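J.: Let me begin by handing over the structure; questions about it come next.
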Amino acid sequence: MDGILRTWVLVTVIFGSIMTTAAMLIWLERRLLGLLQDRYGPNRVGPLGLLQVGADLVKIFTKEDWVPPFADRTVFVISPAIIVLSTLMSFAIIPFAPGIQVVDLNIGILFFLAMSSLSVYSIAFAGWSSNNKYSLLGGMRASAQMISYEVFMGLSLMGVVMLADSYELSGIVRAQEKMWFFLPQLPGFLVFFMAGIAETRRLPFDLPEAESELVAGYHVEYSGMKFGLFFVGEYIGITLISALTVALFFGGWLGPWLPPVAWFLLKTLFFLCLFILLRASLPRPRYDQLMVLGWKVMLPLALLNLLITGGIILLRSGA
Amino acid sequence: MLSIFRSMWLVFKHLGQKRQTVLYPEERPVLPPRYRGRIVLTRDPDGEERCVACYLCAVACPVDCIALAAGQDTHGRRYPEFFRINFSRCIFCGFCEDACPTWAIQLTGDFEMAEQRRENLVYEKEDLLISGPGKYHEYNFYREAGVTIRGKDKGDARQERPPVDIRGLLP
């Protein structure tokens, strides 16, 4: 009984804080982008513009929620929910601190990979059901991009799994007590982070959205809170990738002086800011360049990383 | 690869740089003296309307936002019976000011003309006319031109000699 109650409290707290983070990320992103571009960003609503989130919420909830008559209604309505659900599900396996984790699956990484594969359906469905040329192009791009980047996203994590000898995320964090995995797994970290950017469809890999060529890509036809859900999904996705990067490569909750949760949140915040910095500084590659980068650079790099890591582990074990 | 990190670093450095934004209602931008804002109708140094209702501004206006009708007082001095500028159309190009032969119509540095209702952007002559001479303090069209009006006969204008008596025999 105690265990169930504990889980419920954990789920509620984590869900609440993730939704808050996703909402505050809107403010953080706009503010930080502004600062990086010599502007101020939103600074009118409330102190430092912090209440901008509330204003945005009011606005997006009171907007007309319109479904185009030519759209495939059922799929059109379902697809924004899929992305939020699938990314939220992945948070179940994130270890925020020892014991603060909804469920410590012994196949945690595989669960995350499965969930992130599911989120591509959201985009593909949205693009398809909108019945719009731009949406369809966006959806197609998203499918191709996410399928090809998923391959080495999984491969890049296998090095970590080998070093930690575990698929369990808490086990992986504990295995980093001597050394954070981004040092021995630097190529793995780079590949995973870039694949993560591509998975969350963030700049510079936001080709499914690509405002300058596809209007808004897969969510051209969406309005009101359905559009908002896509954004919530995107922000949760960023948080998820940042949290995972921290847990897998940067020692999770490990760190001196501060309590473990604080370390985890601080490191995650750092990667969130890095996502925004990337958005501010890098241009979007052409579509074929994206594919070339994926298949001709990242995939061989991930495979090579896997091979070398495996070789070193074999040598060490003396077999 | 290196250029990616370089551009990220260069963008990151902008965090500490001076903001370009002017926080408008609290901070005012410095406007150049020839800024083209709200249009006014000016008066000459004697306090009379400068506008002679020649329609040149209305013709020059590329968006047709100026409407007026000419009138004449008992002494033959022309003036606009009404003068209307629709500021919801005006593009503040300043062509009217260029076209005006009497420097009556002038653009000012005021740009805060926002209204809740579109109709309120239609300015009538009472709204446009100001009490002073605007940018050109000394200029008085009727004192330069040879037209006869009240208080000024032929040859009385500045830079004008008295008319020659063509029937006289004196050289």
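J.: With the requirement that a residue be among the basic types (Lys, Arg) and either at pLDDT 90 or above or assigned to a helix (DSSP H, G or I) (or both), what does segment A:267-319 give you?
T.: A:267, A:279, A:296, A:316
J.: Would you check if residue B:21 is at pLDDT below 90, more than 30 Å from residue A:194 (Cβ to Cβ) and within 14 Å of chain A (Cβ to nearest Cβ)?
T.: yes
J.: Another question, then. Kindly indicate whether residue A:45 is of a type in the set (Val, Ile, Thr) and surrounded by fewer than 15 Cβ atoms within 10 Å (Cβ to Cβ).
T.: Spelling it out, it is not the case that residue A:45 is of a type in the set (Val, Ile, Thr) and surrounded by fewer than 15 Cβ atoms within 10 Å (Cβ to Cβ).
J.: Related question: Which ones in segment A:264-293 are among the basic types (Lys, Arg), within 14 Å of chain B (Cβ to nearest Cβ) and over 27 Å from residue A:180 (Cα atoms)?
T.: Listed by number, the list holds a single entry, A:284.
J.: Here is a follow-up. Of the residues B:54, B:61, only one is under 20 Å from residue B:148 (Cβ atoms) and surrounded by 14 or more Cβ atoms within 10 Å (Cβ to Cβ); which?
T.: Unique residue meeting the criteria: B:54.
J.: Suppose we filter B:19, B:36 for residues that are assigned to a loop (DSSP other than H, G, I, E, B), touching a residue at least 60 places away in the same chain (Cβ under 8 Å) and closer than 29 Å to residue A:39 by Cβ; which single one remains?
T.: Among B:19, B:36, only B:36 is assigned to a loop (DSSP other than H, G, I, E, B), touching a residue at least 60 places away in the same chain (Cβ under 8 Å) and closer than 29 Å to residue A:39 by Cβ.
Condition check ((1) outside any loop (DSSP other than H, G, I, E, B); (2) within 14 Å of chain A (Cβ to nearest Cβ); (3) at pLDDT 90 or above) across all residues:
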| position | (1), (2), (3) |
| --- | --- |
| B:4 | yes, yes, no |
| B:15 | yes, yes, no |
| B:45 | no, no, no |
| B:63 | no, no, yes |
| B:84 | yes, no, yes |
| B:112 | no, no, no |
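J.: Still on this structure, I have one more. Test each condition in (1) under 21 Å from residue A:228 (Cβ atoms); (2) within 14 Å of chain B (Cβ to nearest Cβ); (3) part of a loop (DSSP other than H, G, I, E, B) for residue A:32 and report the one that comes out false.
T.: With respect to (1) under 21 Å from residue A:228 (Cβ atoms); (2) within 14 Å of chain B (Cβ to nearest Cβ); (3) part of a loop (DSSP other than H, G, I, E, B), residue A:32 is out only on (3).
J.: Within segment A:139-169, how many residues turn out to be assigned to a helix (DSSP H, G or I), surrounded by fewer than 24 Cβ atoms within 10 Å (Cβ to Cβ) and among the aromatic types (Phe, Trp, Tyr)?
T.: Here the count works out to 0.
J.: If you don't mind, there's one more thing I want to ask. Suppose we filter segment A:289-319 for residues that are in contact (Cβ under 8 Å) with a residue 60 or more places away in the chain and exposed (fewer than 14 other Cβ atoms within 10 Å of the Cβ); how many remain?
T.: 2
J.: Could I ask something else about it? Determine the pairs where a residue that is over 19 Å from residue A:120 (Cβ atoms), located within segment A:67-87, has a partner that is at pLDDT 90 or above and assigned to a loop (DSSP other than H, G, I, E, B) with Cβ atoms under 9 Å apart, the partner being 6 or more residues away or on another chain.
T.: Every condition considered, no pair remains.
J.: Is there a residue being more than 14 Å from chain B (Cβ to nearest Cβ), surrounded by fewer than 24 Cβ atoms within 10 Å (Cβ to Cβ) and under 13 Å from the mean Cα position of the chain (by Cα) anywhere in segment A:245-257?
T.: Checking segment A:245-257: at least one residue is more than 14 Å from chain B (Cβ to nearest Cβ), surrounded by fewer than 24 Cβ atoms within 10 Å (Cβ to Cβ) and under 13 Å from the mean Cα position of the chain (by Cα).
For (1) of a type outside the set (Phe, Trp, Tyr); (2) away from chain B (no Cβ under 14 Å), each residue gets a yes or a no:
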| position | (1), (2) |
| --- | --- |
| A:2 | yes, yes |
| A:23 | yes, yes |
| A:37 | yes, no |
| A:53 | yes, yes |
| A:58 | yes, yes |
| A:66 | no, yes |
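J.: Further question: Of the residues A:186, A:110, A:118, A:136, only one is out of contact with any Cys (no Cβ under 9 Å at 6 or more places or on another chain), without any contact (Cβ under 8 Å) to a residue 24 or more places away in the chain, surrounded by fewer than 19 Cβ atoms within 10 Å (Cβ to Cβ) and aliphatic (A, V, I, L, M); which?
T.: Step by step, each of A:186, A:110, A:118, A:136 is checked, and only A:186 is out of contact with any Cys (no Cβ under 9 Å at 6 or more places or on another chain), without any contact (Cβ under 8 Å) to a residue 24 or more places away in the chain, surrounded by fewer than 19 Cβ atoms within 10 Å (Cβ to Cβ) and aliphatic (A, V, I, L, M).
J.: Take residue B:59 and decide whether it is more than 14 Å from chain A (Cβ to nearest Cβ), assigned to a strand (DSSP E or B), under 22 Å from residue B:134 (Cβ atoms) and at pLDDT 90 or above.
T.: no
J.: A follow-up question, please. Being among the charged types (D, E, K, R) and surrounded by fewer than 18 Cβ atoms within 10 Å (Cβ to Cβ) narrows it down to one of B:49, B:81, B:97, so name that one.
T.: After applying the criteria, what remains is B:81.
J.: Taking the condition more than 30 Å from residue A:260 (Cα to Cα) and in a helix (DSSP H, G or I), does residue A:20 pass?
T.: Criteria not met by residue A:20.
The values are calculated or read from the model by the stated rules, or taken from the named source; none is laboratory data. Quick caveat, the model's predicted, so the values are computed rather than measured. No Cβ is skipped: glycine too gets one built from the backbone with ideal geometry, and neighbour counts run over all protein chains shown.
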